[in-house]
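Undergrad: The following block contains the structure, expressed as structure tokens.
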């Protein structure tokens, strides 16, 4: 493993998925680790004696525990950074506001079709610290990376990396500044020198938030090698995801593999995961679609733009705000038959919408879904695309999506 500096004692701050994975990696490396789960835990007397603090992404810089670590002057790294320093293989890293999970899954799928031992890791489920324990030099770890994980990355040097897009999200962490949010995302490229391994999504090519110098130092994604209409990736945002995935694959496999039957067959066979424009029921001429993974306005816009020509959309919006700009949704105002707005930020969401959007504001999620279903008519689409985080009522977007499916199935 690539351990440039041997250390004996670390302190893990936060004990969620990342913290537990960092502990496993420490045990496998015979590194002593102390765990402090939250601000509510007392600091040990030897707190300042740690050689490194490994900070979980869920621990915000404003927390007292984070601030206490800063005062010691000890190196602070993210779990992602710590894992990278002990990784025996190549890493492909993917970040962006939307599409990270689909692109990560797709890249793994395509690499496997080319005979590569590819494995997903990072924000997709298995933390990098856990993934590297069983990785070999032949493995390629495809890592979904969040901005929170990049904040404390210093030496993170993937073989290649991609920034898919940028939009209003998580701005509560960045003082309401999309520029600060973007600057954090761009850290993914800090230690990659070759332009062909610094990939930006097509939507960023003309984005004024990125400087011309930065764009010139990055590679543009490859075009799809087959007609997207032959795949499950025909929506415009998924075509972008496919282009980026192919660009990442090209940095790993030989050139002749890029037009191989195996790769083309893999593109055709790929299906995006659950809770992403997932039509799970069609009854009495009404389609029911779970897009619970849409946790910001840009994701909602992508969903509605994809669907509006195929039915009248009754959308269920709302949840937990992340200091986002909901006025962005007005670009799709004319595509909505009605909005059913629920959740903790329902009033903010409703007030940001254009007056032309017919709406009902209902605090309770179940009641909002029931009202939408009761009012639906043949030719309508009931679309759960909240544009918000789920943690006001649910553990995560997956639980929200599954709950929606159960509700709808019972009601329909």
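Undergrad: As a footprinting exposure proxy, order 6, 141 by other Cβ within 10 Å, with the fewest listed first. The partial results should precede the final answer.
TA: Numbers: 6 8, 141 27.
So the residues, fewest neighbours to most, are 6, 141.
Undergrad: Does the range 89-169 come out rounded, prolate or oblate by the C-alpha gyration tensor, with a ≥ b ≥ c the root eigenvalues, rounded set by a/c under 1.5 and, if not, prolate when a/b is larger than b/c and oblate if not? Intermediate values should be presented prior to the final figure.
TA: Working: a/c = 1.96, a/b = 1.34, b/c = 1.46.
Oblate, since a/c reaches 1.5 and b/c is not below a/b.
Undergrad: Could you work out the relative contact order of the range 336-412? I mean the mean sequence separation of Cα pairs under 8 Å and 6+ apart, divided by the number of residues, in percent.
TA: Numbers: 69 pairs, mean separation 21.7, N = 77.
With pairs under 8 Å counted, the relative contact order is 28 percent.
Undergrad: Pairs of alpha-carbon atoms within less than 8 angstrom and 6+ residues apart define the contacts here; what relative contact order does the chain have, in percent? Don't skip to the end; give the middle numbers.
TA: On the way: 844 pairs, mean separation 51.0, N = 412.
Once normalised by length, the contact order is 12 percent.
Undergrad: Additional query: What Rg and what Dmax come out for the range 82-231 when only alpha-carbon atoms are used, in angstroms?
TA: Answer for the range 82-231, Rg first and Dmax second: 15.2, 45 Å.
Undergrad: Give the separation of the Cα centroids, the range 279-347 to the range 197-213, in Å.
TA: Each part's Cα centre sits 27 Å from the other's.
Undergrad: Rank by packing, highest mean first: peptides 254-260, 120-126, with packing defined as the count of other Cβ atoms within 10 Å averaged across residues.
TA: Values: 254-260: 11.9, 120-126: 21.0.
Per-residue Cβ counts within 10 Å, averaged per peptide and sorted highest first, yield 120-126, 254-260.
Undergrad: Rounded, prolate or oblate for the range 9-79? Axes are the square roots of the Cα gyration tensor eigenvalues, ordered a ≥ b ≥ c, and the cut-off for rounded is a/c under 1.5.
TA: Working: a/c = 1.64, a/b = 1.23, b/c = 1.33.
In terms of gyration-tensor shape, oblate.
Undergrad: Round to the nearest 10 and give me the degree value, 0 to 90, for the angle of helix 100-113's Cα axis relative to the longest principal axis of the chain.
TA: Around 70 degrees separate the two axes.
Undergrad: Does anyone have the angle between helix 236-250 and the longest principal axis of the chain? Alpha-carbon axes, 0 to 90°, nearest 10?
TA: 30 degrees
Undergrad: In what order do 328, 105 fall by count of nearby beta-carbon atoms within 10 Å, going from fewest to most?
TA: Details: 328 17, 105 20.
If I rank by nearby Cβ atoms, fewest first, I get 328, 105.
Undergrad: Viscosity 0.890 mPa s, temperature 25 °C: Stokes-Einstein D of the chain from its Kirkwood Cα radius, in µm² per second?
TA: Working: Rh = 22.4 Å.
Here the translational diffusion coefficient equals 109 µm²/s.
Undergrad: Could you list 77, 140, 261 so that the one with the fewest beta carbons within 10 Å of its beta carbon is first and the one with the most is last?
TA: Details: 77 21, 140 24, 261 8.
Fewest-to-most Cβ neighbours within 10 Å comes out as 261, 77, 140.
Undergrad: Something else: Within the chain, what percent of beta bridges assigned by DSSP are antiparallel, to the nearest 5?
TA: On the way: 6 of 52 bridges.
If we restrict to bridges inside the chain, about 10 percent are antiparallel.
Undergrad: Per residue, how big is the convex hull around the C-alpha atoms of the range 206-325? Give it to me in cubic angstrom, could you? Write out the running numbers ahead of the final one.
TA: Working: hull volume 19.1 nm³, N = 120.
Per residue, the Cα convex hull of the range 206-325 comes to 159 Å³.
Undergrad: How large is log10 I(q)/I(0) at q = 0.14, 0.16, 0.23 Å⁻¹ when the Debye formula is applied to the Cα atoms of the range 278-411, each weighted equally and without solvent?
TA: One equal scatterer on each Cα of the range 278-411 leads to -0.51, -0.69, -1.60.
Undergrad: Here's another thing I want to ask about it. At a temperature of 37 °C and a viscosity of 0.692 mPa s, determine how fast the range 142-284 diffuses translationally according to Stokes-Einstein, using the Kirkwood radius over alpha-carbon pairs as Rh; express D in µm²/s, rounded to the nearest whole number.
TA: Roughly 195 µm²/s, to the nearest whole number.
Undergrad: While we're looking at this one, here's another question. Where does helix 397-411 land angle-wise versus the long Cα axis of the chain, in degrees 0 to 90, nearest 10?
TA: Once rounded, the angle reads 30 degrees.
Undergrad: With a/c under 1.5 counting as rounded, go ahead and sort the range 59-115 into rounded, prolate or oblate using the C-alpha gyration tensor (a ≥ b ≥ c being the square roots of the eigenvalues; past the cut-off, prolate if a/b is larger than b/c, else oblate). Before the final figure, lay out each step's value.
TA: Values: a/c = 5.54, a/b = 2.07, b/c = 2.68.
It comes out oblate by the Cα gyration axes.
Undergrad: When you count, for each residue, the other Cβ atoms within 10 Å and take the mean per peptide, how do 132-138, 391-397 rank with the highest first?
TA: Values: 132-138: 14.1, 391-397: 16.4.
Averaged packing, sorted descending, gives the order 391-397, 132-138.
Read-outs throughout are calculated quantities, based only on the coordinates presented, and are distinct from any laboratory measurement. Treat the numbers as computed from the prediction; the structure is a model and nothing was measured. Positions of Cβ are generated from backbone atoms using ideal geometry, with glycine treated the same way; all protein chains shown enter the neighbour counts.
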